[in-house]
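A.B. asks: To start, I am sharing the structure in question, which I have written as structure tokens.
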Amino acid sequence: MVYRTSKETQDRKDAKRQHILDTSAKVFAKRGYHHTAVKDIVEEAGVSVGSFYFYFKSKEELFEELFLSIVQAFNDMSEQVLDVKHFSLTKNMTRVITASLWMHQKHRELAKIMLIEAVGLNPAFEKKRMESFKASCRTMEEWFRRFKLHNPVHIPDERVAALAFESSFHYLAIDWLESDGSKPLTDSAYAFSIYHLQALRVPFENAEVERYALEVLDELNGREAGAP
């Protein structure tokens, strides 16, 4: 006889697994990867050690899945605010930059894991982390190619432009994460957008960049307020 897990049972398992993941993000961000033990996670999550190992083979496996899920969530946000065909390059760049900064600000604990705690853990994980960074650069490279089809823009080498953009963004976010966080990261959206628009020799008006940044912040905050 083949026993099938009911949808209700599976939903409970999925919810418990997600709860452990969500809790681990807080613990890793607070204590750091190396100072976090499985015991710390299960105590914070209110689950047994047995439950932890039912869902994850080790702390390393959990952290890897957590890292990849964070990266995907941040990438998805960029896709949600981007519209290459219908928005100008100025608007798209400003929206993507502002939304990404908003995500890092809203999910500071997750951003800290992605950009600080995940660096240099071990050779195997570092390889996966770098693959993730390269994948993000490839996505930006493709965006720049699409931008060139619809906008008069100076991008002699899409790969170099993508690497420059991703690297500068990461260092801006890391600088904020290592600060006391009293100044909102989104306060940098206007200046950061201007910098990259100038680098690409895109004609723009300062007022429109400021307006686009405020518009997407209103959208994101409104969406957050309306979430269940």
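Each value in this text was obtained by applying a stated rule to the coordinates, not by laboratory testing. These figures come from a predicted structure and were not determined experimentally. Positions of Cβ are backbone-derived with ideal geometry, glycine not excepted, and every protein chain shown enters the neighbour counts.
A.B. asks: Report, in debye and to the nearest 20, how large the dipole of the chain comes out about its Cα centre when Lys and Arg carry +1 and Asp and Glu carry -1 on their Cβ. Please list the in-between numbers first.
C.D. replies: On the way: 31 positive and 34 negative charges, 119 e Å.
It works out to roughly 580 debye.
A.B. asks: Taking one equal scatterer on every alpha-carbon of the range 1-56, how large is log10 of I(q)/I(0) by Debye at q = 0.19, 0.24 1/Å?
C.D. replies: The Cα Debye sum returns log10 ratios of -0.66, -0.91.
A.B. asks: From the phi angles alone, apply the Karplus equation (6.51, -1.76, 1.60; θ = phi - 60°) to the range 80-95 and give each ³J(HN,Hα) in whole Hz, x where the residue is Gly or Pro.
C.D. replies: So the Karplus estimates, Gly and Pro as x, are 5, 9, 8, 8, 4, 6, 10, 9, 5, 4, 4, 5, 4, 4, 5, 5 Hz.
A.B. asks: Further, regarding this structure: Could you work out, for the chain, what percent of all Cα-Cα pairs fall into each 5 Å distance bin, beginning at 0 Å and stopping at the bin that holds the largest distance?
C.D. replies: In whole percents, the pair-distance histogram is 1, 6, 13, 16, 17, 14, 12, 9, 6, 4, 2, 1, 0, 0.
A.B. asks: Kindly flag which residue pairs out of Lys16/Lys128; Lys134/Lys183; Lys57/Lys106; Lys30/Lys106 have an alpha-carbon separation exceeding 22 Å in this structure.
C.D. replies: Details: Lys16/Lys128 26 Å; Lys134/Lys183 30 Å; Lys57/Lys106 30 Å; Lys30/Lys106 16 Å.
Among Lys16/Lys128; Lys134/Lys183; Lys57/Lys106; Lys30/Lys106, the Cα-Cα distance tops 22 Å for Lys16/Lys128; Lys134/Lys183; Lys57/Lys106.
A.B. asks: Out of Ser136, Ala173, Val119, whose Cα points farthest toward the positive end of the dipole of the range 64-226 (charges: +1 Lys, Arg; -1 Asp, Glu; placed on Cβ)?
C.D. replies: Ser136
A.B. asks: Taking neighbour Cβ counts within 10 Å as the exposure measure, how do Leu163, Leu89, Leu220 sort from fewest upward? Please list the in-between numbers first.
C.D. replies: Numbers: Leu163 16, Leu89 23, Leu220 20.
So the residues, fewest neighbours to most, are Leu163, Leu220, Leu89.
A.B. asks: Moving to a separate point now. How big is the Rg/Rh ratio for the range 1-134, C-alpha atoms only, Rh by Kirkwood, two decimals? The partial results should precede the final answer.
C.D. replies: On the way: Rg = 17.8 Å, Rh = 16.8 Å.
Result for the range 1-134 is an Rg/Rh of 1.06.
A.B. asks: Could you state the number of Å between the C-alpha centres of the range 160-228 and the range 17-82?
C.D. replies: That distance is 27 Å.
A.B. asks: Still on this structure: Taking the Cα centre of the range 1-68 as origin and charging only Cβ (+1 Lys, Arg; -1 Asp, Glu), how large is the dipole, in debye to the nearest 20?
C.D. replies: Values: 12 positive and 11 negative charges, 30 e Å.
Taking the Cα centre of the range 1-68 as origin, the dipole is about 140 debye.
A.B. asks: Work out from phi, with θ = phi - 60° and the Karplus expression 6.51 cos²θ - 1.76 cosθ + 1.60, the ³J(HN,Hα) of each residue of the range 146-151, listed in order in whole Hz, and give x for Gly and Pro.
C.D. replies: Values per residue, Gly and Pro as x: 5, 4, 5, 6, 10, 9 Hz.
A.B. asks: Please list 3J(HN,Hα) in residue order for the range 125-135, calculated via the Karplus relation 6.51 cos²θ - 1.76 cosθ + 1.60 where θ = phi - 60°; whole Hz, with x for glycine and proline.
C.D. replies: Result, ordered by residue: 5, 4, 4, 5, 5, 5, 4, 5, 4, 5, 5 Hz.
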